[in-house]
Amino acid sequence: MRNKLPIYVDYNASTPVDPAVAEEMRPYLSEYFGNASSKHWYGYKSREAVELARASIAECIGCAPHEIVFTSGGTESNNFAIKGIAYANRHHGNHIITSSIEHLSLLQPCRYLTTQGFELTIVPVDEYGVVSPDNVRDAIREETILISIMHANNEVGTIEPIEEIGEFAKELGIYFHTDAAQTIGKIPVNVDDLGVDLLTIAGHKFYAPKGIGALYIRDGTEIDPLIGGNGQEFGLRAGTEAVAPIVGLGRACQLVTESLDEMRNHTFKLMQRLFEMFISDIPAVKLNGHPTDRVPNTLNLSFPGVVAPDLLSAAPEVAATPLSECNEGICKVSHVLEAMGVPENCAPCSIRFSLGKWTTEADIDDIVDFISSRYESLLEKQNRVA
Ligand SMILES: Cc1ncc(COP(=O)(O)O)c(C=O)c1O
């Protein structure tokens, strides 16, 4: 039987909602519609569901329920962490440290703060996209109030040495935030093991709906709210709680708690298969990202000689992400590949394949067939023109 086309291998961009998550949310879209702040039966039903979800999320990452604040997703959580810590702690210092491969939802607020009297150090990464803890330590100053390094990168999957950084951040009393948008549901995430004070959660990266996320905030952390109003979420994030998506996020976290190992093994096996088949078909392909310390579902490959947007346009059966934009022969490559120093002949030719729960072996075989055949014909065509 043929696969459903196009074959979706863009789970790092967004996942479908798990049917179990949708099922759990359904009553909160209809009969249990109350405002969680209302003091009557409808309100109490919603409040109860919100608090149960908070407890499931807390269990998933090893914290107390009151350390979870619901947000609209990864972007808001990152903005909240960065701006919230900066504004609440400017009397202690004005220096922030981050890395060159962070998501733009982290880098942009950091850059914005430099227009508000804050100073920023962006530490580099090595060729695999790894941040060196020594570089982070060397960047620390008397005025440093926050370090923010992502748990794993969304484009190449490299896992960062968060535990090591967490140890010295704690010793020195500097707040430490990690963006775990790409690790929950892929590898274990525990706030105490990582040694972080703040951690970003984005629901739609692990089978909850879009538009819901959370920020873990360790007890005792001084942080300003990003959104003011009616005092919801312990006074830290105003706005009527999005009950159904919150319930969905809670259920998605339960699924992670129940079946992380199964998920890891499933995607790892398929990712390896994809890699091996590509290498055997096209020996020139190059892996971007760490060879082993990567989230198990992510494979970023360069197909030298053919720019990624052209290759994916020629293979519309495959829904993957090109990491460059090309216009009339001029390519703009991602800031992540640039920071890793990926050579000019490879960076514009890079494609991210990110696998998930519903990827199958047959998908992998078809992807390799589609991509390899189009790659060969595009190369041939270019050679003929040349
Ligand atoms: C590492 C990382 N952080 C943050 C975000 C932003 O999350 P959201 O799409 O929920 O705003 C993303 C989304 O791609 C991401 O990959």
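If I go through segment 185-195 residue by residue, how many of them are buried (at least 24 other Cβ atoms within 10 Å of the Cβ) and in contact with a helix residue (DSSP H, G or I) (Cβ under 6 Å, 6 or more places away or on another chain)?
So the answer is 2.
Looking at S38, S46 in this structure, which one is part of a loop (DSSP other than H, G, I, E, B) and of a type in the set (G, A, S)?
That would be S38, the only listed residue that is part of a loop (DSSP other than H, G, I, E, B) and of a type in the set (G, A, S).
What are the residues in segment 63-75 that are open to solvent by 20 Å² or more (accessible area, probe 1.4 Å), assigned to a helix (DSSP H, G or I) and within 13 Å of the ligand (Cβ to nearest atom), if any?
Passing the criteria: only T75.
If you take the residues in segment 258-300 that are surrounded by 17 or more Cβ atoms within 10 Å (Cβ to Cβ) and of a type in the set (V, I, T), which one is farthest from the chain's Cα centre (by Cα)?
Among residues in segment 258-300 that are surrounded by 17 or more Cβ atoms within 10 Å (Cβ to Cβ) and of a type in the set (V, I, T), the one farthest from the chain's Cα centre (by Cα) is I282.
Just checking, which of L255, L172, L198, L215 is crowded, with 19+ Cβ neighbours inside 10 Å, at pLDDT 95 or above, over 22 Å from V17 (Cα atoms) and among the hydrophobic types (A, V, I, L, M, F, W, C)?
L198
Applying the selection to segment 199-221, what residues are of a type in the set (A, V, I, L, M, F, W, C) and either within 13 Å of R54 (Cα to Cα) or more than 9 Å from the ligand (Cβ to nearest atom) (or both)?
Listed by number, the residues that qualify are L199, I201, F206, A208, I212, A214, L215, I217.
Do we have G93 as open to solvent by 20 Å² or more (accessible area, probe 1.4 Å) and either small (G, A, S) or within 15 Å of the ligand (Cβ to nearest atom) (or both) here?
no
Checking V9 against (1) within 30 Å of F370 (Cα to Cα); (2) open to solvent by 10 Å² or more (accessible area, probe 1.4 Å), which test does it fail?
(2)
For segment 138-169, enumerate the residues that are open to solvent by 10 Å² or more (accessible area, probe 1.4 Å), closer than 14 Å to I97 by Cα and part of a loop (DSSP other than H, G, I, E, B).
I140, R141, E142, E143
Please verify whether S46 is at pLDDT 95 or above, surrounded by fewer than 18 Cβ atoms within 10 Å (Cβ to Cβ) and over 30 Å from P124 (Cα atoms), treating the condition exactly as stated.
The answer is no for S46.
Quick one: is R54 open to solvent by 10 Å² or more (accessible area, probe 1.4 Å), basic (K, R) and assigned by TED's automatic domain parsing to the domain that holds G185?
No; evaluated as a whole, the condition is false for this residue.
Does A20 satisfy the criteria of being open to solvent by less than 50 Å² (accessible area, probe 1.4 Å), under 30 Å from M271 (Cα atoms) and small (G, A, S)?
When the stated conditions are applied, A20 passes them.
Only one of these conditions is not met by G248: (1) within 21 Å of I159 (Cβ to Cβ); (2) within 20 Å of the chain's Cα centre (by Cα); (3) touching a residue at least 24 places away in the same chain (Cβ under 8 Å). Which number is it?
Looking at each condition in turn, G248 falls short on (1).
Of a type in the set (S, T, N, Q), within 16 Å of the ligand (Cβ to nearest atom) and more than 17 Å from I246 (Cβ to Cβ), is that true of S105?
Yes: the conditions hold for S105.
When the residues of segment 108-137 are narrowed to those that are in a loop (DSSP other than H, G, I, E, B) and more than 14 Å from the ligand (Cβ to nearest atom), which ends up least open to solvent (accessible area, probe 1.4 Å)?
That would be F118.
The values are calculated or read from the model by the stated rules, or taken from the named source; none is laboratory data. These numbers were taken from a predicted model, which means no experiment stands behind them. So basically every Cβ, Gly included, is an ideal-geometry build from the backbone, and we count neighbours across all protein chains shown. Note: accessible area is taken over every heavy atom of the protein model, side chains too, but ligands, DNA and RNA are not part of it. Shrake-Rupley method; radii C 1.70, N 1.55, O 1.52, S 1.80 Å.
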